[in-house]
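Data block below; observations after.
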Amino acid sequence: MKKLSLSIEAIYVPGFQHAVHAETYLQALSDTEWTELRAEATRSRRSGDPVLLCGDCRGPVYGRESTAGRRHCYHFGTDIKDCRWADANASSYRSIDASKFRGNQEGEHHKILKSMVCEVLGFDVDTAAADITPERYTKAPNGQYAFPDVYASSWQGGPAAFEIQLATTQLPTITRREDFYEENGIRLCWIVSGDIGQLDRRAFKDIYLRNDGQILAVDVEVLTAARAASAPRFRLIRLLPGPVHDGFTPIWRERIVAPDDINWGRQGDRPKSVRGSYDNYLDSLIERDYELKRSREHLYAALTECNHERVGRLWDEVVAIVGGAPWSALGDPYDTVRSLGVLATVRRNEITVQTKIDLANLPHLVNSLLLEPKGRRVWSNAFKTLASAHKLELLKAPSVAKKLERNLADLHGQSAIENMAGRAFDVLFPEGAFQRLRLTEP
């Protein structure tokens, strides 16, 4: 009988001095946080400074996800270790990737997509003149190399590699290619087929959940559109908030676009729509909905007045519309009102909390009313997200940075309270909604 591999029970994670229970910590992460941690763990181990360590042997580990959605950690397959969880050992990603991605395993669909990408790119005169090559040997000055599915010597101002993802490429290979192309000034564009139904698979999530829910596709309809226009076309697939009456449950939206509809960014960036982000789109939905917009404005006013009962009543009205935790679940009303008031002040650049501290002394306000009182420190992560979007200089203030670091470390891997607060919190503070996204319930 085959021996069952045990997953690693405790891990060391960034920002915490002590080991945390692996599955408790991992399940508390949003889908985007989990995806980014998986990539960071894989990339950092390759650089020699791993961020995710086994709680017993302190060897590097990486995140895995079962088909049932269970998040856990394994040791890297090539490592030799003396550890109580040594049986939680993954297969070498090179052997997995080699058996799935290259050589005999390259199926007909993969070949067809490569041909389509070449033809689509060929409609750009400058790109065609500069050369478009499938499976081009691309070597870096340090001796490393890659074989991109399609290589364009000139695309949107520089060389570009188009890699086709058909759920066969493992995360270590994904991050290795991303790093290679970025380090060598080559733009990387992941291309999938137009089948949206495949995007719930882990191999696709590892790409689009680190790109604001966006990914490009090429299919027969796209090729037909490109031929008709005699110009390149792509299918832009985006994960966006759904209607208000569905509580913003994310849905896929897709359309065929021209290259000018895409922000290709600098070399090494991932292409995105020129339109707003997931968070911007959510904010626009709220602004267009009269009832939600009014509720948000009234909530800000009630926070400014420090009116606990009114804030609670308005919060529960929003919960009734879009979902989220009831007001009673958020903790002590006194601390919650002041915490949300500080967050609203940061977002609006306007005093939205009862205080005598002037807006010009915002670091002191944040320290005194949010980061220092013990009952309010649970909102530190939410503050960091909002400050990153609106007041980046706040995070650079030494007193703020020191308290924030302490508070985040003290949380010991607990689920962020804003994640628990849910969609109602997103109405007040849409910034970070994509980062808090959970596509499936834990």
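The values are calculated or read from the model by the stated rules, or taken from the named source; none is laboratory data. What you see is a predicted model, and the numbers here were worked out from it, not measured in a lab. All Cβ positions, even for glycine, are placed from backbone atoms using ideal geometry, and neighbour counts span all protein chains on display.
Couple of notes before you dig in:
- Just one of the numbered conditions (1) at pLDDT 95 or above; (2) not assigned by TED's automatic domain parsing to the domain that holds residue 352 is not true of residue 268: (1).
- Residue among 360, 387 that alone is closer than 23 Å to residue 16 by Cβ and not assigned by TED's automatic domain parsing to the domain that holds residue 18: 387
Residue-wise test of (1) of a type outside the set (A, V, I, L, M, F, W, C); (2) modelled with pLDDT under 85; (3) buried (at least 19 other Cβ atoms within 10 Å of the Cβ); (4) not in a helix (DSSP H, G or I).
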| position | (1), (2), (3), (4) |
| --- | --- |
| 151 | yes, no, yes, yes |
| 154 | yes, no, no, yes |
| 162 | no, no, yes, yes |
| 167 | no, yes, no, yes |
| 173 | yes, yes, yes, no |
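- Being free of Cβ contacts under 8 Å to residues at least 60 places away in the same chain and either within 27 Å of residue 138 (Cα to Cα) or under 20 Å from the mean Cα position of the chain (by Cα) (or both) is a property that residue 218 lacks.
Quick grid of which residues meet (1) in contact with a helix residue (DSSP H, G or I) (Cβ under 8 Å, 6 or more places away or on another chain); (2) in the same structural domain as residue 424 (by TED's automatic domain parsing); (3) among the acidic types (Asp, Glu):
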site: 291; (1), (2), (3): yes, yes, yes
site: 319; (1), (2), (3): yes, yes, no
site: 356; (1), (2), (3): no, yes, no
site: 366; (1), (2), (3): yes, yes, no
site: 380; (1), (2), (3): yes, yes, no
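- Any hit, segment 286-308, residues being of a type in the set (S, T, N, Q) and under 18 Å from residue 213 (Cβ atoms): no
- Residue list for segment 107-129, filter: touching a residue at least 60 places away in the same chain (Cβ under 8 Å) and either in contact with an Asp or Glu (Cβ under 7 Å, 6 or more places away or on another chain) or aliphatic (A, V, I, L, M) (or both): 113, 116, 117, 120, 121
- Condition check for residue 272: within 17 Å of residue 430 (Cβ to Cβ) and among the basic types (Lys, Arg): no
- Total residues in segment 315-325 satisfying the condition of being assigned to a helix (DSSP H, G or I) and either crowded, with 24+ Cβ neighbours inside 10 Å or within 27 Å of the chain's Cα centre (by Cα) (or both): the figure is 5.
- Every pair of residues 6+ apart whose Cβ atoms lie under 6 Å, when the first sits in segment 378-405 and is of a type outside the set (Ser, Thr, Tyr) while the second is not in a helix (DSSP H, G or I): 381/416; 386/431; 389/431
- Of all residues in segment 243-291 being assigned to a loop (DSSP other than H, G, I, E, B) and more than 21 Å from the chain's Cα centre (by Cα), the one that is surrounded by the fewest Cβ atoms within 10 Å (Cβ to Cβ): 243
- Pairs with Cβ under 6 Å, 6+ apart, first in segment 227-240 and over 11 Å from residue 256 (Cβ atoms), second basic (Lys, Arg) and not in a loop (DSSP other than H, G, I, E, B): 238/253; 240/253
- Residues in segment 197-242 that are in a helix (DSSP H, G or I), at pLDDT 95 or above and small (Gly, Ala, Ser): 4 in all.
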